[in-house]
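Worksheet: the structure to be examined is printed underneath.
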Number of protein chains: 8
Amino acid sequence: MKLTIYLAGEIHSNWRGKVKALAEEKDLSCTFVGPQENHGRSDEIGEMILGSQPNSIVKDEAASRINNLRTQVLMEQSNLVIALFGDEYKQWNTAMDVSAALTAGKPVILIRPEHLHHPLKELSNKANVTVETIEQALSVVHYIFE
Amino acid sequence: MKLTIYLAGEIHSNWRGKVKALAEEKDLSCTFVGPQENHGRSDEIGEMILGSQPNSIVKDEAASRINNLRTQVLMEQSNLVIALFGDEYKQWNTAMDVSAALTAGKPVILIRPEHLHHPLKELSNKANVTVETIEQALSVVHYIFE
Amino acid sequence: MKLTIYLAGEIHSNWRGKVKALAEEKDLSCTFVGPQENHGRSDEIGEMILGSQPNSIVKDEAASRINNLRTQVLMEQSNLVIALFGDEYKQWNTAMDVSAALTAGKPVILIRPEHLHHPLKELSNKANVTVETIEQALSVVHYIFE
Amino acid sequence: MKLTIYLAGEIHSNWRGKVKALAEEKDLSCTFVGPQENHGRSDEIGEMILGSQPNSIVKDEAASRINNLRTQVLMEQSNLVIALFGDEYKQWNTAMDVSAALTAGKPVILIRPEHLHHPLKELSNKANVTVETIEQALSVVHYIFE
Amino acid sequence: MKLTIYLAGEIHSNWRGKVKALAEEKDLSCTFVGPQENHGRSDEIGEMILGSQPNSIVKDEAASRINNLRTQVLMEQSNLVIALFGDEYKQWNTAMDVSAALTAGKPVILIRPEHLHHPLKELSNKANVTVETIEQALSVVHYIFE
Amino acid sequence: MKLTIYLAGEIHSNWRGKVKALAEEKDLSCTFVGPQENHGRSDEIGEMILGSQPNSIVKDEAASRINNLRTQVLMEQSNLVIALFGDEYKQWNTAMDVSAALTAGKPVILIRPEHLHHPLKELSNKANVTVETIEQALSVVHYIFE
Amino acid sequence: MKLTIYLAGEIHSNWRGKVKALAEEKDLSCTFVGPQENHGRSDEIGEMILGSQPNSIVKDEAASRINNLRTQVLMEQSNLVIALFGDEYKQWNTAMDVSAALTAGKPVILIRPEHLHHPLKELSNKANVTVETIEQALSVVHYIFE
Amino acid sequence: MKLTIYLAGEIHSNWRGKVKALAEEKDLSCTFVGPQENHGRSDEIGEMILGSQPNSIVKDEAASRINNLRTQVLMEQSNLVIALFGDEYKQWNTAMDVSAALTAGKPVILIRPEHLHHPLKELSNKANVTVETIEQALSVVHYIFE
C-alpha cells in the first residue's frame, strides 16, 4: 500500500520538510503533495502567467484561481490530508482545505498547538484526529500501515 | 419560491439582525437559519447537557459536537449560505462552513471588508459571489427573486 | 422548521413513547418514525405476507427484507437519527442503522449508558453527539430549534 | 485482476490468518487489510500517541478516532469486505463497518454461525452474501476470479 | 407521511387500477405515478409530437426518448417502486426501471408469479422485497405506514 | 404533481412568454424560472451591486458571478429544463446550462430549428428529447402529466 | 490507455469468445470481464458453496446472491459495458446490468438484432450506442482508441 | 505524479499538436486525450459503422452517439480539461464538454482570445482558470507539478 498525503497549512516555515524527513525515517510508503511553498510565487502566479492586472484584488483573484486549481488536482489524488495550524497568519485557506477534504470524504489529521483548542474546536471535532505535533501526526500515519 | 439561507459568521455582533431587517424591507421570501448566537451558550452547551467535563479541551469537544450537529441539520435545509468575515476573531468556523457548503454544492455569498481581500483570496475565488456589505449581499439575493 | 427523526434501537421497552412525550413537553416541531415496534409482528411479517417458509432462516430472510424496506423508506425521509443502546439484546440492527445513516450523511445522536462506552467507542466517535439519557438527547434536539 | 479485501470482525482470534492461508492455497490474487489486530495496541493507541487522558471515556475517544481513521483509509482502498460474526463480544464495530461499506456501495460477504441467523437477519439481508465458514467465504471470492 | 409510488410494468392489463383500488381500501396515503398506460399513444408519441419519421426504428427512438423523459421525471419524485412481471411481453423496460431505481437508491417491491422465480432470480435478489400478488405488495406498503 | 421548469436560452426575444402562455392554455401545473431576462441588467448587475470595475473583463466577471449564482439556485429547484437554441448569438451559456443540468441528472428538452441539427448533434444526443418548436416542447411536458 | 469491458448477456453461446478474438485481431488494449459463463455452475453455485437448500426458490436466491456479488465487483472495475440481446431467453439480467451500469454513469454499447428494436426501444435510447453485430461493437471500441 | 488531460475544442486546426509539443518541451508528465480529430471521420463515424442512415439528422444522431461515448470514456479517465475557444465554429460541443467536466468536479482551464470575454463570461467564471494562449495554459499545468 502506498498513500498520497496532502499537506495543508502555512507556507512560511519548513514544516513540510520535517514531515517528509520523519516519514523517511519511519520508512512510510507515502508521497506528499501540497500547495506552492514559494510564498512570493504563490502570490504572483496570476500576474506571472496572465500579465499585469488592474488592481490588487484582481491580481489576487488571478493568483487564487491558479492556486485553487492546483489544490483541487492534488487533493483529488490524495488519500489523506494532514493540516497544520499555528499562531501566525489568518490560515483561512487551511480551514477551507480541511473542510473541503472532510466534506468530500477524505480523512484529515489536524495538528495544532494545545492553546488553540478553543477557536479550532468545531474544526477539530470534524477532523478525524487532532494532535499537537508533527511527530504525533506521523505516528498516526504509521499506525495505518501497521 | 421561498429560500432558506444559512448565515455563517461571528456571533458577537448583531449582523444577522441587520440581514433580516433588510430582507423584510426588500420583501424577500426568505427564512434565515444559523449558529447559536448566544456566545456563552454556544461555549457551554456541552457541559449544560452532559454535565461537567474533565478539562477545557474535553469541554470544547462536547460543545463542538452539539454545535456541529446543529449546523449540519440547518445547512442541509438551506438553499444558500451568506458568510460574513470581519477583522476580529479567528473565524475558522466561518471558513469551515463556507467550504463545507461549497463542496456540497450549496452556493455561497461572501461578505468581507475590502482590506481582507488578500488572506481571503482563495476562499473568495471559490465562493460564488464576494461583496463588501450586507446591503450588497441582499441585493444579490434580491436579484435571484427578480 | 419541522424535523423528522428516526428512532433506531430495541423495540422491547417503550423508550420511544418517552421520547415523544418529552418532545411534546418541550414543544418541539418533530415527527418521529422508526421500526415496527410490535416485536412479534416484526418477526412474523415475512410469513404473514408471504405465507409459511421452509425453515427459520428463510422465514427470517423474508421478514428482514420487509423490515429493511420499511427502514429505508422512513430513514430517507428523516433529517436526524436518535439511536438508543442498552444492556440487553445484540442490537446489531441499531449499529447497522446508525452506520447507514452516518455514511449517507444523516446526523446521529447516540444514547448509551456510561458503562457501555468501551464497546461503543468507535460508533460513538463516528456519531455526531453521544449522550446518556433520553432527556439529554432531546435537549440536543431542542438546541437545534433555538 | 487483483482485489483488496477488508477483513472486518473481532481481533481476538486468528481468523484473519486462516483467511490469508486459504487465499494463498487457492492462489487468489488478493491483498488483505483490516483493523489493528493487536488488541491492547488498539485500545491504547490514543494514549500512546497523545499521552495520558483524563478518564477512560476520553481515552477511548482518543483511540477510536485513530482506529476509525485507519479503517476509513483502508476501507476506501478495498473492493470487497469480508465480515465475521461470532458468539463472543459485542461486535458493534463489525456491524458498523459492514453497514458503512454497504451504504458506500462496497460488496460484503458475511460469515456467521448458523445459530446467529435471527439477531443478524437484517444485516444478513443487506449483505451481498451470507455464509457460515471462512472456507465458504473464500469459495465465493474464488468464484469472482473464475 | 405521504408516499409517491411508481408502478413499473406492462401497460396492457389494468393491474394499476387494482393497485389503486386496494390502496384506497386500505386507506394508504399514496400517490401513484407510472408510464403512459395507453399503449398506442406510448408507441406513437414520437410521431404525434415530431411528425412522421423515416422508418420504424427512428420512430421508436423518437417515442422512447419521450417515454424515458416521462419516466425520469416521475421516478425522481417517487419514494418507492412497485414492479410487476408476468408471463407475457419482453418486459425489458420493467427490468430497466427496477434496476435504475435500485441503483439510484430507491426501494423496489417486485411482484412476479412463482413460476418466474428462476429467470428473475438476480433481479429478485437485488429488489428489496419479492411477492407474488398485488395484495401482498400492498400489505408491504401498509406495513411501512403502521 | 407540480413541476418547476428552468427555461435556458437567449434573453433577447420573448420566447419565455410564449412558453408560459401555452402552459396556461394547456392548464399544466408548472412554475417557470430562468435567467435574468432584462439583458442590460444581466450585463450590468456586477457594477450595479459592486460599483465600477477597472475594465470590461473584470466587469463581466462581476456580473457573471451573480448570474451564475442565480442560475445555480434556480436550477437546483427545477425538475426539468427546456432549452432554446436559435440562429443568433453565441449561446454558449445555453450549452453550459444544458450540460450542467444533464450531468447533474436533470432531464432536458432541447428546442432548435431543424437546420441547426449538425452543430448541435452531440448536445441533442445527450438531451432527453429534441424538438423544433415551443409547441412541441410543451406537448412533451403535457405528456408527463397525462 | 487500457480499458476493462464488462460483457453482459446470455451465457449459452460463445459470443464472448468472438468479442475477445476480434479485440485481439484489432489489437485493442482491453481486458474483458463478465458473468460466470458455465451455465450449470451459475445456477448451482449457491448449493455448491452453501449446501442443499430447502426448495428451488431458496436455491435460486442463494445462487443469485453470489452471482450478483460477482457482477458488482467486476462491473465496478469496468470502464465500459457491451451488452448483447438475442432472440432466446428472458434476458432480464442483461437489462438489469445495462440499466445499473447506465444509472451509475458507465457507458454501454448495446448489440441487438434489428428486429428486436421495438421491445428494446427504451433501453436502446438510454444506452450510449446501439449496434447490430459484435463487429460493429468492436469498431466502436476501436474508435475510442484512435 | 502523472496527469491525463482532456483537450476539448475545435478539431480543424492543429492546436492539440502545439499543446503536446509544449508539454514535451516543459517535460510535463502528461497524457493527452481528446475527441476524434479527423473531422470527416467524426461526422461519418455513424454511417461508417452502422451503414447508411435515412436522412442527415439520423446520420448525425448515429455519429454523435459514438462521439459522445468516446468523450465519456476518455473524460472519465482525465484529471484535468483544457478547453479552447476561438472565433470560428459554433463550439457548442466545447461548452458542453467544459460544463459536463465542471459539474462532475473535474477542473478546467479555458483558453480564449481576449475579445471573446463577453459571450464566454459565465463559462469563464465557472471554469477554474481562464487564459488567452496555449502557452499560458501549459504554464498553469506546469505550476501544478512544481
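The values are calculated or read from the model by the stated rules, or taken from the named source; none is laboratory data. Everything quoted here is computed from the prediction, not taken from an experiment. Note that each Cβ is placed from the backbone with ideal geometry, even for glycine, and that neighbours are counted across all protein chains shown. In case anyone asks, the SASA skips ligands and DNA or RNA and just uses the protein heavy atoms, side chains included. Shrake-Rupley method; radii C 1.70, N 1.55, O 1.52, S 1.80 Å.
The table below lists the values:
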item: Members of the range A:92-123 that are under 22 Å from B:ILE11 (Cα atoms) and part of a loop (DSSP other than H, G, I, E, B); result: A:HIS117, A:HIS118, A:PRO119, A:LEU120
item: Residue that is surrounded by the fewest Cβ atoms within 10 Å (Cβ to Cβ) [pool: residues in the range A:55-79 that are farther than 24 Å from A:VAL140 by Cα and of a type in the set (Asp, Glu)]; result: A:GLU61
item: Residue within the range H:52-61 that is under 15 Å from the mean Cα position of the chain (by Cα) and on the phi < 0 side of the Ramachandran plot present; result: no
item: Exclusive hit being farther than 20 Å from D:THR71 by Cβ and modelled with pLDDT under 95, set C:GLU135, C:GLU146; result: C:GLU146
item: Failed item in (1) farther than 30 Å from C:LEU80 by Cα; (2) open to solvent by less than 30 Å² (accessible area, probe 1.4 Å); (3) touching a residue at least 40 places away in the same chain (Cβ under 8 Å), with B:TYR89 passing the rest; result: (2)
item: Qualifying residue in the range D:42-54 (condition: of a type in the set (Val, Ile, Thr) and touching a residue at least 60 places away in the same chain (Cβ under 8 Å)); result: no
item: Inter-residue pairs, beta-carbon under 9 Å, first more than 7 Å from chain E (Cβ to nearest Cβ) and in the range G:57-70, second acidic (Asp, Glu) and part of a helix (DSSP H, G or I), 6+ apart; result: G:VAL58/C:GLU61; G:LYS59/G:ASP43; G:LYS59/G:GLU44; G:LYS59/G:GLU47; G:ALA62/G:GLU47
item: Selection count, the range B:51-91, where residues are part of a loop (DSSP other than H, G, I, E, B) and under 18 Å from D:GLU61 (Cα atoms); result: 5
item: Of all residues making up the range E:3-46, the number that are assigned to a helix (DSSP H, G or I) and open to solvent by 20 Å² or more (accessible area, probe 1.4 Å); result: 12
item: Given (1) buried (at least 24 other Cβ atoms within 10 Å of the Cβ); (2) at the interface with chain A (Cβ under 8 Å from one of its Cβ atoms); (3) closer than 30 Å to F:SER78 by Cβ, index of the condition B:LYS121 fails; result: (3)
item: When residues of the range F:1-20 are limited to those that are in contact with a helix residue (DSSP H, G or I) (Cβ under 8 Å, 6 or more places away or on another chain) and among the β-branched types (Val, Ile, Thr), the one farthest from B:MET1 (Cα to Cα); result: F:ILE11
item: Any hit, the range B:62-69, residues being more than 26 Å from B:GLY105 (Cα to Cα) and of a type outside the set (S, T, N, Q); result: yes
item: Unmet criterion (only one of (1) more than 26 Å from F:THR103 (Cα to Cα); (2) facing another protein chain (nearest Cβ under 7 Å); (3) open to solvent by 30 Å² or more (accessible area, probe 1.4 Å)) for E:GLU135; result: (2)
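Residues checked against (1) in contact (Cβ under 8 Å) with a residue 12 or more places away in the chain; (2) away from chain D (no Cβ under 13 Å); (3) within 26 Å of E:TYR143 (Cβ to Cβ); (4) crowded, with 18+ Cβ neighbours inside 10 Å:
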position	(1), (2), (3), (4)
C:VAL81	yes, no, yes, yes
C:ASN93	yes, no, yes, yes
C:GLY105	no, no, no, no
C:LEU110	yes, no, no, yes
C:ASN128	yes, yes, no, yes
C:TYR143	no, yes, no, yes
